1. I need a count of the residues in segment 345-368 that are at pLDDT below 95 and of a type in the set (D, E, K, R).
2. For segment 325-351, name all the residues that are of a type in the set (Val, Ile, Thr) and either surrounded by 13 or more Cβ atoms within 10 Å (Cβ to Cβ) or under 28 Å from Gly210 (Cβ atoms) (or both).
3. Quick check: is even one residue across segment 158-167 touching a residue at least 24 places away in the same chain (Cβ under 8 Å), in contact with a Leu (Cβ under 7 Å, 6 or more places away or on another chain), of a type in the set (Val, Ile, Thr) and closer than 29 Å to Tyr128 by Cα?
4. Would you say Gly394 is closer than 29 Å to Gln245 by Cα and either in contact with a strand residue (DSSP E or B) (Cβ under 8 Å, 6 or more places away or on another chain) or among the hydrophobic types (A, V, I, L, M, F, W, C) (or both)?
5. Any residue in segment 304-324 that is assigned by TED's automatic domain parsing to the domain that holds Leu363, surrounded by fewer than 20 Cβ atoms within 10 Å (Cβ to Cβ), in contact with a Lys or Arg (Cβ under 9 Å, 6 or more places away or on another chain) and closer than 17 Å to Phe209 by Cα?
6. Of these, Arg482, Arg507, Arg487, which one is loosely packed, with under 15 Cβ neighbours inside 10 Å, charged (D, E, K, R) and either in contact with a Leu (Cβ under 6 Å, 6 or more places away or on another chain) or touching a residue at least 24 places away in the same chain (Cβ under 8 Å) (or both)?
7. Given the conditions (1) at pLDDT below 50; (2) over 20 Å from Asn129 (Cα atoms), and given that Gly20 satisfies all but one, which numbered condition is not satisfied?
8. Whether any residue in segment 60-68 is within 21 Å of Lys457 (Cα to Cα) and either touching a strand residue (DSSP E or B) at 6+ places or on another chain (Cβ under 7 Å) or not charged (D, E, K, R) (or both) is what I want to check.
Amino acid sequence: MLNRLLQLRQTFIAVRQHQGYFYRNLAIAILTNGIVSVVGVEQAIAVPCQLPAAAIQQKENLRQAAIRGNRTAQNRYRELLSQHARQLTACRQRNWPRNQAIWLRLYPCDIRPGSLERIMDRIVNKGYNQVYVEVFADSKVLLPQADNPTPWQSVVKVQGAQRVDLLAQAIQKGRQRGLKVYAWLYTMNFGSAYAQRPDRRGTLARNGFGHDNLSALYDVAVDEDLLRRENGKAFIDPYSPQARQDYQKLVQAVIKRRPDGVLFDYVRYPRSGGGASVAARVQDLWIYGDASLRTLYRRSFNNKGLALIYQFLSQGYITAGDIAEIDALNPEEGEPLWQGRNPNTTKYLTLPQQRQPILQQQLWLLTVTHAVQGILEFLQVGIRPVQQQRIRAGAVFFPSGNRAVGQGYDSRIQPWDQFPSNIEWHPMLYKACRNTSCIVGEMREVLSFAQRRTEIKPALAGVWGKSISNRPSLEAQMQAIRQFAPRITTVSHFAFSWQEPGLDRERKFCQMR
């Protein structure tokens with residue numbers, strides 16, 4: 001019996017030290033009948049490319065010595081970074097997924113010597129070869145104060161650090177370790193500080209009740225910000241020339257740093273709360289900003305079309321009396337015309353009450369399409385300069401953001417199924433149902449719309465080794481994605497802060513001197 005126990009112990013030590021594997025909850029018990037058994041064991045799941053504890057500690061010791069100025073340690077640290085970079089590249093080429101990414105937020109305290117190095121080292125230690133660095137969020141940009149041409153404040157506002165470029169440093173230090181570094185930007189959510197500027201109030205998206213999303217009832221429980229426990233959203237009118245100009249300046253500043261890719265998040269409208277979470281009336285749509293209305297009116301091709309659009313937007317419907325009155329005011333015109341309308345649908349109907357339901361439905365489809373077109377055009381504002389520089393572009397989205405609900409639509413109106421096929425699609429598979437079925441369901445939906453050539457790179461929320469917030473472990477989610485969609489070669493994990501909560505808190509709340 002003793003020999004059997006020793007044998008089991010040696011086996012356990014061997015597998016625990018095996019590089020690239022992750023074993024959890026191993027326990028040994030001796031049953032009352034004298035039979036030795038292994039109990040409390042979850043299935044051993046491979047986590048490729050993670051570094052063993054000894055290599056991690058060696059690198060950390062060298063990093064700390066290098067910060068203190070030890071020249072020998074500095075040289076050895078650089079050599080070890082190169083070695084680990086080569087190992088990571090080779091390992092990821094042999095294992096699924098070929099690219100494993102993580103979402104990362106940086107803080108002002110990360111300008112401290114050694115902070116970025118520590119973060120990037122830990123990302124490599126966990127087997128990641130890509131990192132998505134948050135560059136624009138919550139009315140702040142990861143650009144130095146001395147080189148920030150945008151209307152947003154810099155993340156780093158520390159005396160004496162006006163020229164510190166955290167984005168450029170993150171790109172440089174990530175690549176030094178074999179990481180590809182993407183810039184992650186909010187898109188139509190410009191942040192509440194932007195909205196409070198008197199010269200930018202006219203850029204906000206508005207609904208038919210005169211509200212922007214800051215004054216409307218807003219349901220944060222359906223947003224990914226629930227994961228980050230943040231708010232402060234302010235969504236812009238995508239047709240606003242000022243908003244487009246501001247965003248172009250941001251994108252140009254970002255691509256000047258030459259990241260490996262740029263990801264566009266919040267490519268949508270806000271989701272209202274309560275019954276307004278479903279846009280079933282034209283007033284529920286976020287198309288009442290000045291620029292949006294001007295563009296919508298220009299979609300009319302004659303006076304009848306313009307008058308009906310105006311009436312529909314103003315009161316939310318049209319009546320047979322409205323149609324008769326508009327006909328009488330414009331006797332020289334035939335059918336009311338606007339973009340996309342087939343006039344033959346009512347050409348042979350003479351009575352206004354016969355035409356009313358058809359015209360009203362067509363006006364509803366016109367306004368929904370107008371809302372969608374604004375999002376797609378604004379996404380192109382970001383994508384175009386990125387692709388012109390031969391940098392990869394991608395869009396982040398919720399698979400549920402474009403749903404038809406009854407006679408209406410999810411008020412986010414996120415038309416991801418119409419996103420360009422030549423950019424990366426990053427669906428956020430964040431649905432929580434205690435198992436992987438809902439995650440696979442969302443993946444199935446995305447695959448059903450994507451063209452074969454479209455690169456789909458799903459984002460998962462969770463941590464290694466355990467379930468959290470009704471979500472299975474990352475291992476379980478990854479295995480489910482691999483079994484269902486083996487052609488997927490890139491998977492990302494939200495977020496570094498979830499995997500390193502202690503380090504995230506320390507960096508977020510540290511005191512800069």
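The values are calculated or read from the model by the stated rules, or taken from the named source; none is laboratory data. As the structure is a prediction and not an experimental result, all values here were calculated from the model. Cβ coordinates were reconstructed from backbone atoms using ideal geometry, including for glycine residues, and neighbour counts include every protein chain displayed.
1. Adding up the residues that qualify gives 1.
2. Step one: filter segment 325-351 for residues of a type in the set (Val, Ile, Thr), giving 326, 345-346, 350.
Ile326, Thr345, Thr346, listed by residue number.
3. First pass over segment 158-167, keeping only residues touching a residue at least 24 places away in the same chain (Cβ under 8 Å): 158, 161, 164-167.
Retained after the next criterion (residues that are in contact with a Leu (Cβ under 7 Å, 6 or more places away or on another chain)): 166-167.
From what is left, the residues that are of a type in the set (Val, Ile, Thr) are none.
No, every residue in segment 158-167 fails to be touching a residue at least 24 places away in the same chain (Cβ under 8 Å), in contact with a Leu (Cβ under 7 Å, 6 or more places away or on another chain), of a type in the set (Val, Ile, Thr) and closer than 29 Å to Tyr128 by Cα.
4. Values: closer than 29 Å to Gln245 by Cα: yes; either in contact with a strand residue (DSSP E or B) (Cβ under 8 Å, 6 or more places away or on another chain) or among the hydrophobic types (A, V, I, L, M, F, W, C) (or both): yes.
Judged against the criteria, Gly394 is a match.
5. Yes, the conditions are met somewhere in segment 304-324.
6. Numbers: Arg507 fails: loosely packed, with under 15 Cβ neighbours inside 10 Å; Arg487 fails: either in contact with a Leu (Cβ under 6 Å, 6 or more places away or on another chain) or touching a residue at least 24 places away in the same chain (Cβ under 8 Å) (or both).
After applying the criteria, what remains is Arg482.
7. Of (1) at pLDDT below 50; (2) over 20 Å from Asn129 (Cα atoms), only one is false for Gly20: (2).
8. Start the filter on segment 60-68 by keeping residues that are within 21 Å of Lys457 (Cα to Cα), which leaves none.
No, segment 60-68 contains no residue that is within 21 Å of Lys457 (Cα to Cα) and either touching a strand residue (DSSP E or B) at 6+ places or on another chain (Cβ under 7 Å) or not charged (D, E, K, R) (or both).
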